[in-house]
1. Could you look through the stretch C:30-58, keep only residues that are at the interface with chain A (Cβ under 8 Å from one of its Cβ atoms) and in contact with a Pro (Cβ under 6 Å, 6 or more places away or on another chain), and pick out the one that is surrounded by the fewest Cβ atoms within 10 Å (Cβ to Cβ)?
2. Please list, ordered by residue number, the helices (runs of 4 or more DSSP H) wholly in the stretch A:45-100 having 1 or more residues that are at pLDDT 90 or above and within 18 Å of the chain's Cα centre (by Cα).
3. Examine the stretch A:186-207 for a residue that is modelled with pLDDT of 90 or more, over 18 Å from A:Leu273 (Cα atoms) and out of contact with any Asp or Glu (no Cβ under 7 Å at 6 or more places or on another chain), and state whether such a residue exists.
4. Can you tell me which residue among A:Arg117, A:Arg171, A:Arg159 is without any contact (Cβ under 8 Å) to a residue 24 or more places away in the chain and either surrounded by fewer than 24 Cβ atoms within 10 Å (Cβ to Cβ) or closer than 30 Å to A:Leu304 by Cα (or both)?
5. Determine the pairs where a residue that is more than 20 Å from A:Phe277 (Cα to Cα), located within the stretch A:314-333, has a partner that is assigned to a strand (DSSP E or B) and among the β-branched types (Val, Ile, Thr) with Cβ atoms under 6 Å apart, the partner being 6 or more residues away or on another chain.
6. What's the number of the only condition in (1) part of a loop (DSSP other than H, G, I, E, B); (2) free of Cβ contacts under 8 Å to residues at least 40 places away in the same chain; (3) within 12 Å of chain A (Cβ to nearest Cβ) that C:Gln67 fails to meet?
7. Restricting attention to the stretch C:105-139, which residues are basic (Lys, Arg) and either modelled with pLDDT under 90 or in a helix (DSSP H, G or I) (or both)?
8. For the stretch C:83-109: of the residues being polar (S, T, N, Q) and facing chain A (nearest Cβ under 10 Å), which is nearest to B:Ile56 (Cα to Cα)?
Amino acid sequence: MVDKHDEVKKIEVDYTRLRIPFGPVHPALKEPVLLRVTVRREEVLDVDVVLGHVHRGIEVLAENRNLVQTLYLVERVCGICSHSHTTCYVQALEEIGGIQPPERALYLRTLIFELERIHSHLFLLGVMAHEIGFDTLFMFTWYVREKILDLFEKVTGNRVHHAMNTLGGVRWDLNQHMVDDIRATMKDLQKSVHRIYNFFQDKTVEKRLCDVGVLSKDDAERLCVVGPTARGSGVDMDVRRDHPYAAYTYLKDYFSVAVREKGDVYARTEVRLLELFESISLIQKVLEELPNGPIRVEDNVIRLMRRIPEGEVISLVEAPRGELLYFVKTDGKEGLRRLKIRTPTIPNVLTLKPMLVGCEIADIPVVVASIDPCMACANRLIVVDATTDSKKIVDMDFLRRRRQA
Amino acid sequence: MNTLIALLLAFPLVFVISLLFDGIDRKLHARMQRRIGPPIIQPLYDFIKLFSKERIVPTTASSRIFTVSPIFAAVASIMGTSILLANLMLRENTGGDLIVVLYLLAMSSVLVMVGGSSSGNPYGAIGFSRKMSMLIAYEVPLLLSILSVSLKINSLSYYDIISVQIAAKSMLALTFPSMAVAATAFLICIPATADAVPFDVSEAKTEIVHGPLVEYGGPFLALFKLAKSASNLALTLLATTLFFYLPAVFRVYALPGLSDLLICLVFALIFWFLTITVPRTIFARLKVGQAFKFYWLVALPLSVTAVLLSVLGL
Amino acid sequence: MGIRLVASSRVKSPWLFHLNTGSCAGCDIEIVAALTPRYDVERLGCVLVGSPRHADVLLVTGPVTRQMLPRFIRVYGQVPEPKVVVAVGTCASSGGPFMGSQMVEGSVDKIVPVDVYVVGCPPRPEAIVKGIVTAVKRKFG
């Protein structure tokens, strides 16, 4: 619970400043992160974010496993956006091996992607409601979310960790029952999301969410934030539109990107609510345009894996939290030389400092929830060479040179 | 002698009724959220289970204040409520007047605060300062509304106010405008005293990990929860009997037995539902500054108006 | 009769504390989903409390990472007796896909004694509820 570790609450010289450890074990946080918050009475003066509590060494483990085993390992980087991770990884491998999955597979990937976006945003809205003490909205949002998890179970067999992707396509196909179920659920969902939108415009909710945790557009661009956190501050970026992948190349004209200028918690929440509406209409479009055909290139995945030569690729997708980037370097012998995962939470978590300074203690869980932190995604290492004390960080030029369509 | 017997009878009665009302509140809260909810006697199971747990006193706590505050808080709350019940049972002024009851209820709130800050946990300290702000916010309107009733009736004794309603065969709040305003101010103050959302800043689970209660476990927690339930019962009972004494209208008071006490308890439950359960379900939590502003801008003017009106004779 | 009353109260009101020792959050969202109206674990008397001092049942998820190890031991010490530990998920029961990593201790039972293992990746909320009820009945009933 309250972690004092080696530093008990440090009372600074002027006796009004209190340093409180917020986390890593805290009822507001579902995942461990340590925020060392310096407060004076109720006002936050400084925040120090300490990550690393969920570091499991996935990138190291990936170097000792073959490509297909890594697919299932990479799915468990994060439970909420697991399909995004597998899609990104599998896209990278398909690029290296020159494998083109059939169109039906791309559409099915997109379908699960958008369903995951809906489930993740509903999750976040419920958690946000719980942080401000509005338990009834939390119960209602998660009740609606259960219907999406039912759909996942019908199509892929599991509520979380769908394992839908495989090298060269997807593993499960839709039959007419499932299509009808999805259509019916989307209709119900439209009404429920409207109700949730109205709930979020309630007076007490507005008082907690408006003008809190403001991130200006300059700060957002300087700190390179991604996803709804950026779109809530006026930065118009979305990988689905700017660098389309999977079926988004064909669906580019059927969705719009929601952007808000204000930059406070309410703006970010509103961006996510609007994205819910977009996702619902995208899913309905996908079901309309679903082409017939096979769902994977080859049934025997091991044979495909053996065909993948040495190569390196950077792959981008738009996970529910923002832009997810994978750098995959294969060694031509069914293994990986290097796997580097840059999840959207890593740049987003840096914004906690400019957002929280000047807020009250009561705003801390609300602001932390508004960037939609997925701490399990955000614990990566930077390799520091101790002899030369140099850090190798990938910069924009390198990315531009290496990004292959 | 009668007083002593009535008080001794009232102690276990308060225990049972407050836990029962707490259970009904949880059940209704769950039903409003489309869930099934715990059985109504769940708080009794919680109480017994908590008493059977290990007694832990943290090393950073001042142990004497830490261990003694829950006991005193529970005793103060139960005594305050028992005085009210004894008055209703014996149908005369016994035990103590309104000042004693309000003092005991305020004491139990302050002891929660003090116990929390004595635990040595920074979250306890934050809970202490928040509860202090809330006390300043809601105690004044609460006391002023009771003051306006006493000014009207020219007495501070509990049963005198009830006798006036019986003699007039009508409810106080419906006869005089000053009493209606005072009743509104009193009802607005109840959610803050009961630490119910939207005014439960001092015991926010997601922000400061239960505030003053963070390091309390086992029997201490059981006593604090009992203190809270008993004080909720006292406040709702005060709200019904001082302002809306229904048996006066039905003339049930003349019947033998305790049927008027039962009617008062049923109405206390209804007021508990309206002022504690419903706000808990439909509102989000306000911040300390916002809650403070609400009470000083809404409840305080109402109670001051009530005092002025009752002085003017309305 | 007194002992029977105490035992039955302990079974009917298990208070839960959820501790994430480095999991991917899959098991955590299923634990929180157990509170929602579809599964409603509160009808069994369970409440998700915020402080380990109030809890009876410690729900542990995740393979215990190196950074969370000292905090885990500390939280375990803060839960008052009698307590029950339920290891939720494959990672907590055996280390899951992270076995062999140097950053991860592995299964929870290398650190604290575990009463019930609920396996699955992640286990369904119904399985978690059944795990809690079995653990509580066996230890307290």
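1. This residue is C:Ala33.
2. A:67-75, A:82-97
3. No, that holds for no residue.
4. Numbers: A:Arg117 fails: without any contact (Cβ under 8 Å) to a residue 24 or more places away in the chain; A:Arg171 fails: without any contact (Cβ under 8 Å) to a residue 24 or more places away in the chain.
Answer to the check: A:Arg159.
5. A:Leu324/A:Val317; A:Tyr326/A:Ile341; A:Phe327/A:Ile314; A:Val328/A:Val313
6. (2)
7. Passing the criteria: C:Lys110, C:Lys130, C:Lys137, C:Arg138, C:Lys139.
8. So the residue we want is C:Thr90.
The values are calculated or read from the model by the stated rules, or taken from the named source; none is laboratory data. What you see is a predicted model; the values in this text were computed from it and never measured. Neighbour counts run over all protein chains shown; Cβ positions are idealised from the backbone, glycine included.
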